[in-house]
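> Below you will find the structure I want to go over with you.
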Amino acid sequence: PVLELTARFAARRQEVLAHNIANADTPGFLPLDASPERFQDMLQRAIDERRAHGGPLAWRPTNEIEADGGGLRLVPGRASGNILFHDRNNRDLERMMADLSENLAVFRVTTDLLRNRYGLINSALAERV
């Protein structure tokens, strides 16, 4: 469940980051983002609670992450620390690209780990070594 939730967060965040890059030249556009640090804090609390009490991974929604059926939905806030340009656009393209690359790396590692886990389960079910 931890890997699945992490992959879902990274996928939703990738959409937000790609939207920011696509609108980098739009006058007045303010980029949005969901904090990976807040997601990690929320996930750590859920893991700690699961270890203490057992049962399924029960995470609590935050102001940026909401439950959506079996998955999650992001409610991104304004990205801070960017440069305000003369066209009133608040952007830092280098930071946006770095965030996109880092998020993609998290998604790739998470999905590779998930693929390996599912491969082990399939091998065990097929009774192969």
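The values are calculated or read from the model by the stated rules, or taken from the named source; none is laboratory data. No experiment lies behind these values; they were computed from the predicted model shown. Methodologically, a virtual Cβ is constructed for each residue, glycine included, from the backbone with ideal geometry; neighbour enumeration extends over all protein chains shown. With ligands, DNA and RNA removed, areas are computed over all heavy atoms of the protein, side chains included. Shrake-Rupley method; radii C 1.70, N 1.55, O 1.52, S 1.80 Å.
> Ignoring ligands, DNA and RNA, what accessible area per residue does the chain give at 1.4 Å, in Å²?
Normalised by residue count, the accessible surface of the chain is 67 Å².
> Which one of Ala79, Ala52, Ala24 has the biggest mean-square fluctuation once the chain is modelled by GNM with Cα springs under 10 Å?
Greatest mean-square fluctuation among the candidates belongs to Ala52.
> Next up: How tilted is helix 2-22 with respect to the longest principal axis of the chain? Cα atoms for both, answer in degrees (0 to 90, nearest 10).
The angle comes out at about 20 degrees.
> How much length, in nm to one decimal, is gained on full extension between Ser101 and Ala22, taken as 0.36 nm per residue of separation minus their Cα-Cα distance?
26.9 nm
> I'm checking a number: the convex hull volume of the Cα atoms of the chain, normalised per residue, in Å³. What is it?
123
> Given the Cα-Cα distance of Ile121 and Ala67 and 0.36 nm per residue of separation, how much length would full extension add, in nm?
Gain in length upon complete extension: 16.7 nm.
> Next question. Would you kindly compute the Cα radius of gyration of the stretch 3-49 and its largest Cα-Cα separation (Dmax), both in Å?
Reported Rg and Dmax, both Å: 13.6, 45.
> Note the angle between two axes, namely the Cα long axis of helix 36-53 and the longest principal axis of the Cα atoms of the chain, as a number of degrees from 0 to 90, rounded to the nearest 10.
Approximately 20 degrees, to the nearest 10.
> Using a 1.4 angstrom probe on heavy atoms only, work out the carbon and sulfur share of the accessible area of the chain in %.
About 54 percent, which is the carbon plus sulfur part of the accessible surface.
> Let me ask you something else. With label points built 7 Å along Cα→Cβ from the Cα atoms of Arg51 and Leu114, find their separation and express it in nm.
In this crude label model, Arg51 to Leu114 measures out at 2.4 nm.
> Would you mind checking which residues have amide H under 5 Å from Phe29's amide H? H placed 1.01 Å from N; only 5 or more apart, or other chain.
Placed amide hydrogens put Asn90 under 5 Å from Phe29.
> GNM, the chain, Cα, under 10 Å: largest mean-square fluctuation among Arg50, Arg73, Arg108?
Arg50
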